[in-house]
Amino acid sequence: KREEQKTQEETNEEKRARSRSRERRQKERLEAIKARVASDTSSAPGWVVTGPSAGAGSSQAGKEQAKVREPQESREELMKLSVGRLKELMKEFGKSARGCLEKKDFVDRLKPPPK
């Protein structure tokens, strides 16, 4: 009987969800997202690329990385890499992938063409 009651409750919830207006469902989803964001106290997600931190400049490795702003590979070698690897390189060199649609865009951002 309990299993029947649970399945009946689930179907009742489904019916209620279907009967709600689209605007109300969207509003409820937004409220749930806002609550989730408010409760999340961790730092920025991993996919957000941030610039070099102020503390990184004081270490020797940070100084070397600050001097080298583009990869050592040539543009032709970069074009042979996968887009996923190019994204990793962009993260490594502190560059944003925003607006890059094609592989050429990623390569241009990593190693600008000679003028």
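The values are calculated or read from the model by the stated rules, or taken from the named source; none is laboratory data. Predicted model only: the values in this text are computed from it and were never measured. Counting neighbours? That spans all protein chains shown, and the Cβs are built from the backbone with ideal geometry, glycine included. Note: accessible area is taken over every heavy atom of the protein model, side chains too, but ligands, DNA and RNA are not part of it. Shrake-Rupley method; radii C 1.70, N 1.55, O 1.52, S 1.80 Å.
If a residue counts only when it is in contact with a Gly (Cβ under 8 Å, 6 or more places away or on another chain) and of a type outside the set (V, I, T), which helices (runs of 4 or more DSSP H) contained entirely in the range 70-115 have at least 1 such residues?
Working: elements: 75-80, 83-92, 103-110.
So the answer is 103-110.
Take A35 and tell me if it is open to solvent by less than 100 Å² (accessible area, probe 1.4 Å) and at pLDDT 70 or above. For A35, the condition - open to solvent by less than 100 Å² (accessible area, probe 1.4 Å) and at pLDDT 70 or above - is met.
For the range 12-32, the set of residues classified as at pLDDT 80 or above and open to solvent by 90 Å² or more (accessible area, probe 1.4 Å) consists of E23, R24, K27, R29, L30, E31, listed by residue number.
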